[in-house]
1. Looking only at region B:38-76, how many residues end up being among the β-branched types (Val, Ile, Thr), over 23 Å from the mean Cα position of the chain (by Cα) and surrounded by 17 or more Cβ atoms within 10 Å (Cβ to Cβ)?
2. Being at the interface with chain A (Cβ under 9 Å from one of its Cβ atoms), part of a helix (DSSP H, G or I) and at pLDDT below 90 is the requirement here; does B:Asn51 meet it?
3. Quick one: would you say A:Leu284 is within 11 Å of another protein chain (Cβ to nearest Cβ), assigned to a loop (DSSP other than H, G, I, E, B) and surrounded by 24 or more Cβ atoms within 10 Å (Cβ to Cβ)?
4. Could you please find all residues in region A:221-251 being in a helix (DSSP H, G or I) and under 16 Å from B:Asn51 (Cβ atoms)?
5. Of the conditions (1) hydroxyl-bearing (Ser, Thr, Tyr); (2) surrounded by fewer than 20 Cβ atoms within 10 Å (Cβ to Cβ); (3) under 23 Å from A:Gly65 (Cα atoms), A:Thr222 fails just one. Which one is it?
6. Among the residues of region A:213-224, which ones are β-branched (Val, Ile, Thr) and at the interface with chain B (Cβ under 8 Å from one of its Cβ atoms)?
7. For the list (1) part of a helix (DSSP H, G or I); (2) in contact (Cβ under 8 Å) with a residue 12 or more places away in the chain, I need the number of the one condition that A:Phe192 fails.
8. Among A:Val140, A:Val175, A:Val157, A:Val150, which is touching a residue at least 24 places away in the same chain (Cβ under 8 Å), not hydroxyl-bearing (Ser, Thr, Tyr) and not in a helix (DSSP H, G or I)?
Amino acid sequence: MNGAMNAALPIIALAVVVALGLGLRARAGHDMDMEQWSVGKRGFGTLLVFLLMAGEIYTTFTFLGGSGWAYGKGGPTYYILCYLTLIYVISYWILPPAWRFAKERNLFSQPDYFAARYESRSLGILVALVGIVALIPYMVLQLKGLGIIVATASYGVISPTTAIWIGAGTLTVYVMVSGVRGSAWTAVLKDFMILFVVLFLGLYLPYHYYGGIGPMFAAIDTAKPGFLALPDRGQSATWFASTTLLTALGGWMFPHIFASIYTARDPKVFRRNAVFLPLYQLMLLFVFFAGFAAVLQVPGLTGPDVDLSLFRIALQTFPPWFVGVIGATGVLTALVPGSMILIAGSTLIAQNLYRPLAPNATDASTGRLAKGVAPLLALACVGFTLHGGETIVQLLLIGYAVVTQLFPAFFFSLLPNNPLTRAGAMAGILAGIATVAVTVLGGYTLAKLFPGLPGPVQDLNIGVVALALNLAVAFAVSLAGGGARRTAQP
Amino acid sequence: MLSRPNGREAHERTRDDAERTEAGEGAAMRHLRWLALLPFLGMMAGPFFLNRVEPLVFGMPLLLAWLVGCTVATSGIMALIYLTDPANSEPEEGP
């Protein structure tokens, strides 16, 4: 096994070194002030924004979680393709006005936007807290992925725990030296690699083991009837539709994805990307194919272990050097979004939690603090990673349930006459978050809460309930407040 | 809103009017944006009617093939909206 290890690990290590080098190079010629570090001086064109947005969304989640769910759940996995497509449809209309508003007021972060729109510092603090809570599961899933990839590709020589520590350390160094410009350039490398690896795996595995895509699906359908469609109960069509909608609405509400809006040079960038990014999502199809190929070849993985399926089948199929290439791709898919999350999270803490409480803070001192906070945030995420048992997709769904609660306040702020007051927006967000907290911590589903409801209604994603309560409370409080319109107009 | 137009609204209205005359059937073109609802409809309602494995289409289970078709169609719809959207023929707003 020693020889095997020697082939795969150096390739992964090389990818990390190249990524660090790209990060350092991207920094050359740019002063690393706060605006440069967190939003790239708002100077990115169509291609860089495309790569940044694709880079944030094509994460270890796509790579391991997408194939893991295809392996473990079958049909319900298709929702991933749908929500990622719909996210870009929505982007066409919501990103340009948000960009314009942020540019006029020189905003850095997502809470800045809410604070400025509702002219409320406390709303900014609330949004920052929600953002940090939502970022943690998102970060944990990147680190979990890193652990799986390095442990598997090292053929067990490096334990997942050690891998998670190394990964978090690399991420922190990377973020502190390079900022968002480095993330965008590493995304270029990452996207080329993932495109190649995913297309290859998604075609090679089905042809190698089954003789084609069709024969593969036919074989799975014979062995597990109904697995490739949605079940009648549980993750049924109702679940599928509600989850697709919730995650599509929530997508832009993640602080690091919202912040990528600010990097654009011009709002046309978003409209152009809304045409091409849906097609780009078809790459997911090949991730699914790879996961489905594993169903009959490496059976028996259950629970959180389904995330291992892609690597298990790769180990059984390919020589160590190619496992190294897959591993290197996987590491980059964790590094790019991981660095975006760390940058956004640290910016949130420095800009939106510390600064409102420290009136003497300058841009320079806030920027220094943001970089100082990054290692602490990484450390906290390592702690959560080592103590949780969720699968990658479950973690993502929790993050989405939390972050989607910001959508109503955001959406109404784009309207010419915002019906929500600042008190209404805050009350709605609090009500939504409280509902998510109770249902996630208590493990409630609609079926458990209301056994009398008709079956299909019980299958609705519980996030819909949180969102409905959020809206109801937001409107009730806004109306009770006498309809004082306090929203800043663009 | 119409009774007391402020400077900005008035400006926007003339800009809209200018776009309409410039683009000829501008108003009709702008209605094309409603096509963006189709991807939502296809992806969220489709699973209720097409939740089947057989027949395989292009080798894929029927439901997956339908959703892939929706994804491709989404790109086409967004391209149509982009090309007919007057906002995109304005000069860039960048620095």
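The values are calculated or read from the model by the stated rules, or taken from the named source; none is laboratory data. Values in this document were obtained by computation on a predicted structure and should not be read as measured data. Using ideal geometry, Cβ is built from the backbone for each residue, glycine included, and neighbour counts are taken over all protein chains shown.
1. Count: 1.
2. No; evaluated as a whole, the condition is false for this residue.
3. The answer is no for A:Leu284.
4. Listed by number, the residues that qualify are A:Asp221, A:Ala237, A:Thr238, A:Trp239, A:Phe240, A:Ala241, A:Ser242, A:Thr243, A:Thr244.
5. Unmet condition: (3).
6. The answer is A:Ile213, and nothing else.
7. (2)
8. A:Val157
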